[in-house]
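Worksheet for the structure shown next.
The values are calculated or read from the model by the stated rules, or taken from the named source; none is laboratory data. Keep in mind that this is a model prediction, so the values were computed, not measured. FYI the Cβ positions are ideal-geometry reconstructions off the backbone, even for glycines, and counts take in every protein chain you see.
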């Protein structure tokens, strides 16, 4: 079975092929450090917006710069968990602080972020044909889970 975890050069070729086939590409990104129901529902909704869902995953170096003390799970483990989800077609890592260069590489039809983002502030909004936000599930977050675990000690 071909892996869903691919590098930037591969995703560029795959995205180009998919576009030639008339497929609608949806792109989202994040750390996905401790996968929870909010992530799963978010990815399910994102997938409904097109034919192919590509997830840009922050590499460990990127996560540690934007979220001190994290990640909890390694990039390899986070990528494998995401790739196991039926709604995710491809996972590709990026080590920059933002996914802008990766979004330029993919040239998605739809760029998706959580509803806590203002559309005008979404990185890559100038590249995608369409930008959509998906509501979060109240009270569900990786930070909240980490705090809950720490409070149990």
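Quick rundown of the values:
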quantity: Residue match in segment 34-44 (condition: within 14 Å of the chain's Cα centre (by Cα), at pLDDT 95 or above and closer than 19 Å to residue 100 by Cβ); calculated: no
quantity: Conditions (1) out of contact with any helix residue (DSSP H, G or I) (no Cβ under 9 Å at 6 or more places or on another chain); (2) surrounded by 15 or more Cβ atoms within 10 Å (Cβ to Cβ); (3) farther than 24 Å from residue 25 by Cα: number failed by residue 147; calculated: (2)
quantity: Count - residues of segment 1-24 that are over 16 Å from the mean Cα position of the chain (by Cα), surrounded by 10 or more Cβ atoms within 10 Å (Cβ to Cβ) and either assigned to a loop (DSSP other than H, G, I, E, B) or at positive phi (or both); calculated: 3
quantity: Failed item, numbered, when residue 40 is tested on (1) within 20 Å of residue 136 (Cβ to Cβ); (2) touching a strand residue (DSSP E or B) at 6+ places or on another chain (Cβ under 7 Å); calculated: (2)
quantity: Selection from segment 25-37 of residues that are in contact with a strand residue (DSSP E or B) (Cβ under 9 Å, 6 or more places away or on another chain) and not in a loop (DSSP other than H, G, I, E, B); calculated: 25, 26, 27, 28, 29, 30
